[in-house]
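So the structure is just underneath, and the comments pick up after that.
The values are calculated or read from the model by the stated rules, or taken from the named source; none is laboratory data. Because the structure is predicted, anything quoted here is derived from the model rather than measured. Counting neighbours? That spans all protein chains shown, and the Cβs are built from the backbone with ideal geometry, glycine included. Note: accessible area is taken over every heavy atom of the protein model, side chains too, but ligands, DNA and RNA are not part of it. Shrake-Rupley method; radii C 1.70, N 1.55, O 1.52, S 1.80 Å.
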Amino acid sequence: MNTGAFPLVARDSGTTIVEIGGVEIGGPELVLIAGPCSVESEEQLRASARAARAAGATILRGGAFKPRTSPYTFQGLGEEGLALLRRIGDETGLPVVTEALEPGQIPLVAAYADAIQIGSRNMQAATLLRAAGASGRPVLLKRGMAATLEEFLLAAETIVLAGNERVVLCERGIRTFDSYTRNCLDVGGIAALKRLGRLPVIADPSHATGRRELVTDAALAAVAAGADGLIVETHPHPTSARSDADQQLSPAELTDLSERVRRVAAAVGRRTSAIER
Ligand code: PEP
Ligand code: MN
């Protein structure tokens, strides 16, 4: 690959640590981001955030504007969801990350959240990338489900070129011929992104597998491959979740993931002091 095509994010130009609300991603410590797929209610978000915190997560996730494959399914609570994220994040002491679907939503999302997520379906939406770049907020950029590593890095380059160095890459699984898992976690891609680029790389084992019973094993593989963090979906009652009910972890399952991740992290020389809380 010609890394000269993305000079601002290529490994040649050093390494970047991205700070989200005081939490550093890409440093020696492995970071756990957890929370529900969608913000559904104050009670549901509070229970998810407490579970996340108890398991050692240091950043809260949750969707307020949802990029659903079907227009007939739950589309998120919108601004009400953003306000809940801010309130529950402050209450639990966790910075929050949430998705913006279109450029016009960036100022609103930036007003409530500590970081802006750009979803898989929008990885190559150039105007959205540029708006996120101009927002001043750190950006969590998810890999398009059929994007090559080069396209992924070029999307990150677009954000950095717009004036924002604070980009975290997220491998969330890509489409293959197999349909047993929702996507295919590109473990080798995580290792490659760390070599090719200077940006932190995290993994999303929830969307990568789409199956609750596989999420922890996929998380362990990602950490062993050098991921700087994980973003994991958790819900107090996963089977009744309004989105992604098959892949969200219960609080107990999230705690188990965290404990097992800690051991693999130690084996690859990674600190997890936050996760050990
Ligand atoms: C999400 O993280 O809420 C999400 C929709 O993921 P992706 O964009 O990876 O499908
Ligand atoms: Mn989801």
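If you take all other residues with their beta carbon under 9 Å from the beta carbon of Leu101, and give Lys and Arg +1 and Asp and Glu -1, the sum is 0. Taking square-rooted eigenvalues a ≥ b ≥ c of the alpha carbon gyration tensor, is the stretch 1-75 rounded, prolate or oblate, where a/c under 1.5 means rounded and, failing that, a/b exceeding b/c means prolate? It is oblate, given that a/c is not under 1.5 and a/b is not larger than b/c.
As a calculated quantity, the FRET efficiency between Glu80 and Thr127 at R0 = 22 Å, using C-beta atoms, amounts to about 0.30. Only Cα pairs under 8 Å and 6+ residues apart enter the sum, and on that basis the relative contact order of the stretch 195-277 stands at 28 percent.
Excluding Asp90 itself, what net charge comes from residues whose Cβ is under 12 Å from its Cβ, given Lys and Arg +1 and Asp and Glu -1? Computed value for this residue: +1. Among Leu94, Leu77, Leu153, determine the one that fluctuates most according to a GNM of the chain built with springs between C-alpha atoms less than 10 Å apart. The residue with the greatest mean-square fluctuation here is Leu77.
Subtracting the Cα-Cα distance of Ala266 and His237 from 0.36 nm times their residue separation leaves 7.4 nm of extension gain. Net charge in the neighbourhood of Arg198 (other residues with Cβ under 9 Å of its Cβ; Lys, Arg +1, Asp, Glu -1) is 0.
Relative contact order, whole percent, for the chain stands at 23, derived from Cα pairs under 8 Å and 6 or more residues apart. Put Lys142, Lys194 in order of accessible area, highest first, and with a 1.4 Å probe you get Lys194, Lys142. With contacts taken as Cα pairs under 8 Å at a separation of at least 6 residues, the stretch 122-277 carries a relative contact order of 16 percent. For Glu29, nonlocal amide neighbours, meaning residues 5 or more places apart or on other chains whose placed amide H falls under 5 Å from its own, do not occur. Applying 1/(1 + (r/R0)^6) with r as the Cβ-Cβ distance of Ala54 and Glu213 and R0 = 25 angstrom yields a FRET efficiency of 0.70. Here the calculated FRET efficiency for Ala111 and Asp178, from their Cβ-Cβ distance with R0 = 51 Å, stands at 0.80, rounded to the nearest 0.05. In this simple spin-label model, placing a label point 7 Å from the Cα along the Cα-to-Cβ direction at both Glu42 and Ala191 gives a separation of 4.9 nm.
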